[in-house]
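Single-structure report; data block below.
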Amino acid sequence: MNSISFLAQHGHLISVTAAGTGPTIMLLHGFPLDHRMWLSQLATLSKTHHVIAPDFRGFGGSSLSESSYSLSDLADDVELVRQHLAPERPISLIGLSMGGYVAFEYWQRHGQHLSSLVLVSTKPTADSEAARESRYAMAAQAEKLGTWPAVAGMLEKLLSPELLAQGDEIVRATQQMMRDGRPEAIAAAQQAMAIRQDFTRHLPEIAIPTLILTGQHDKIAPPDETARWSAKIPNSHFDCLTGVAHLSPLETPVEFNQRVLSFLPSSQG
Ligand code: MLT
């Protein structure tokens, strides 16, 4: 596994972890996490693919940009990474939750470079007014009290109750990622997600093969809602991973990786 950093146009560093050779898969992490949520995918998918996992601004090894950003700026960061590391052939993009919001933006801005999409525990809708308010409250709390007091309440939504009760390595690793996010990064990401656009009306325009996954117990992207919007994407397949919540790549990596690998050969030559 290699770590590489790029200097983006606006002066921030984008850190990327990459492994393997073959058709390229780019992995976009959720909030408030970083590329480490994909360690199992970096290890397994890289046996047959070139796997790239960037860190969004302010998370993992990436620095925060001086000015505020939108999710379309993050999609442009992803495009910069693609141009440097996988310029030749269209790539598969896998985005979880916030990473899925950025994947929608990438599809709209740079879709000609995509061979397929995997949208995990995410949604195409914009925030309600109440959801937006709670994002601004979390942003203010992070800046005032620090990262952990602001994000701790999310843990129970990210992982299944069984896993949390066991308190095993996955719980510790998730908590560590959550603690490592800098307060300014937490605030900036919440502000960017709060103003994201609604992609619902564009779903019928997504023509590439698309796999949509969520967890049986996911409260952020519940299976029934996810099945409903998935059906609007013409060339799509929806699947629900049993026994897990929001972070299926971490909670059930073997099943997750199998789903992705059995989907990809049909969409990558
Ligand atoms: C995530 O997992 O990225 C977040 O739950 C997304 C969100 O806050 O909407």
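The values are calculated or read from the model by the stated rules, or taken from the named source; none is laboratory data. In this text, all values refer to a predicted model and were calculated from it rather than measured experimentally. All Cβ positions, even for glycine, are placed from backbone atoms using ideal geometry, and neighbour counts span all protein chains on display.
What to note about this one:
Here's the yes/no breakdown for (1) charged (D, E, K, R); (2) more than 26 Å from L13 (Cβ to Cβ); (3) under 14 Å from the mean Cα position of the chain (by Cα):
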| residue | (1), (2), (3) |
| --- | --- |
| H84 | no, no, no |
| G95 | no, no, yes |
| Q112 | no, yes, no |
| L117 | no, yes, yes |
| D127 | yes, yes, no |
| A137 | no, yes, no |
| T147 | no, no, no |
| A150 | no, no, no |
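- Selection within segment 194-210 - part of a loop (DSSP other than H, G, I, E, B) and of a type outside the set (S, T, N, Q): I195, R196, D198, F199, I206, A207, I208, P209
- K232 passes every criterion in (1) charged (D, E, K, R); (2) more than 23 Å from I25 (Cα to Cα); (3) under 17 Å from the mean Cα position of the chain (by Cα) apart from (3).
- Residue within segment 184-195 that is in contact (Cβ under 8 Å) with a residue 60 or more places away in the chain and of a type in the set (D, E) present: yes
- Residues that are modelled with pLDDT of 95 or more and either at positive phi or among the basic types (K, R) (or both) within segment 1-21 comprise just one, G20.
- Extreme residue, surrounded by the fewest Cβ atoms within 10 Å (Cβ to Cβ), among residues of segment 211-231 that are out of contact with any Ser or Thr (no Cβ under 6 Å at 6 or more places or on another chain) and not in a loop (DSSP other than H, G, I, E, B): D224
- Checklist (1) at pLDDT 95 or above; (2) closer than 30 Å to K157 by Cβ; (3) of a type outside the set (A, V, I, L, M, F, W, C); (4) more than 16 Å from the ligand (Cβ to nearest atom) applied to K47, failing item: (2)
- Leading residue by the ranking (nearest to the ligand (Cβ to nearest atom)) among those in segment 126-162 that are among the polar types (S, T, N, Q) and loosely packed, with under 15 Cβ neighbours inside 10 Å: S134
- Search result, residues across segment 92-149 that are polar (S, T, N, Q) and in a helix (DSSP H, G or I): Q108, Q112, S134, Q141, T147
- Matching entry among S121, S72, S92 (being away from the ligand (no atom under 15 Å from the Cβ), in contact with a strand residue (DSSP E or B) (Cβ under 7 Å, 6 or more places away or on another chain) and within 30 Å of P23 (Cβ to Cβ)): S92
- Residue in segment 191-210 that is over 30 Å from Q83 (Cα atoms), of a type in the set (D, E, K, R) and over 17 Å from the mean Cα position of the chain (by Cα) present: no
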